[in-house]
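The structure under discussion appears below in the form of structure tokens.
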Amino acid sequence: IQGKMDKNMAVVRTLALSFSNYNYLPKDKMMDFVNKMYEDVFPAYPNFYNLWDSWELRAIDTSWEKSHGRIVNQRFRDQGIIKSAQTIRSKKGDNEIYTNIKTSNREMVLPLYFDVFTEGKSERKLMTSLLAPIQNEENEYVGVVAVDITMDEFQETIKDISMSGLEGSYSFLLSHNGKYAGHPDTSL
């Protein structure tokens, strides 16, 4: 499980690091570059439910003077079909989750949640997000790159763990706050 998480985080970290030179291109060309990268990366990782970012408008648009407001690029699978979206969010202020991501300015794994971020998606899954900040030369937060991983992947991993010699035993995976991330009884 740790190996899978590390592999997924390496992709997120690499994308965030590659975008740290965002200011060498005008905003529109940079967003085209970002989306082209996602177009190539996302299909290569079928375990990624969503690949998304948030770019602080003040960092990429010199005319934006507020401390909130962001552009979000997404790649996601909806019933097996890869779709994309770009939206402007937080024009009136940042929500609590994003404020925490922004002020932390570090890699993190979010607690388990049901998909609430992808607009227009017809299915909701229990998942977690792996995030890496996009930082400028002064290590200031300018955005974040993230992937969402559903608990389905962990469920499959747990199901395949066998404990020979321990008749009737089973494996399960708990999140840091005690929620099941994988269990033989899938209703949990």
Item to check | Within straight-line cross-link reach of Lys66, lysines at Cα separation under 25 Å, skipping those fewer than 8 residues along the same chain | outcome: Lys27, Lys29, Lys91, Lys92, Lys102
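Are there any trypsin sites (Lys or Arg not before Pro) in the range 22-109 that are in a DSSP loop and have at most 14 other Cβ atoms within 10 Å? List them by number. Can you show the working numbers first?
Details: sites: Lys27, Lys29, Lys36, Arg58, Lys66, Arg70, Arg75, Arg77, Lys83, Arg89, Lys91, Lys92, Lys102, Arg106; in loops: Lys66, Lys91, Lys92, Arg106.
Here the trypsin sites (Lys or Arg not before Pro) that fit, given the DSSP loop and packing criteria, are Lys66, Lys91, Lys92, Arg106.
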Item to check | Cα-based convex hull volume of the range 144-187 per residue, rounded to whole Å³ | outcome: 98 Å³
Checklist entry - Accessible area per residue, 1.4 Å probe, Å², for the chain: what's the number? => result 56 Å²
Checklist outcome for this item: Relative contact order in percent for the chain (Cα pairs under 8 Å, 6+ apart) equals 21 percent
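Counting Lys and Arg as +1 and Asp and Glu as -1, what is the net charge of the other residues whose Cβ lies under 12 Å from the Cβ of Val41?
Result for the neighbourhood of Val41: -1.
Mind checking the full-extension length gain between Arg58 and Asn100? Use 0.36 nm per residue of separation minus the Cα-Cα distance, one decimal, nm.
Working: separation 42, 0.36 × 42 = 15.12 nm, distance 1.80 nm.
Full-extension gain reported as 13.3 nm.
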Checklist entry - Among the lysines, which have Cα under 24 Å from the Cα of Lys125 when same-chain residues fewer than 8 positions away are ignored? => result Lys4, Lys7, Lys83, Lys159, Lys179
Checklist entry - Placing +1 at every Lys and Arg Cβ and -1 at every Asp and Glu Cβ, with all other atoms neutral, what dipole size does the chain have around its Cα centre, in debye to the nearest 20? => result 360 debye
Item to check | Carbon and sulfur %, accessible surface of the chain computed with the full protein complex present, 1.4 Å | outcome: 52 percent
Checklist outcome for this item: The simple spin-label model distance between Met5 and Glu137, using points 7 Å out along Cα→Cβ, in nm, is 3.6 nm
Item to check | the chain - Rg (one decimal) and Dmax (whole number), Cα, Å | outcome: 18.0, 66
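May I ask you to work out the translational diffusion coefficient for the range 23-82 at 20 °C, viscosity 1.002 mPa s, via Stokes-Einstein with Rh from the Kirkwood sum over Cα pairs, reported in whole µm²/s? Before the final figure, lay out the partial values.
Numbers: Rh = 12.8 Å.
Answer, rounded: 167 µm²/s.
The values are calculated or read from the model by the stated rules, or taken from the named source; none is laboratory data. Computed from a predicted structure; not experimentally measured. Methodologically, a virtual Cβ is constructed for each residue, glycine included, from the backbone with ideal geometry; neighbour enumeration extends over all protein chains shown. Note: accessible area is taken over every heavy atom of the protein model, side chains too, but ligands, DNA and RNA are not part of it. Shrake-Rupley method; radii C 1.70, N 1.55, O 1.52, S 1.80 Å.
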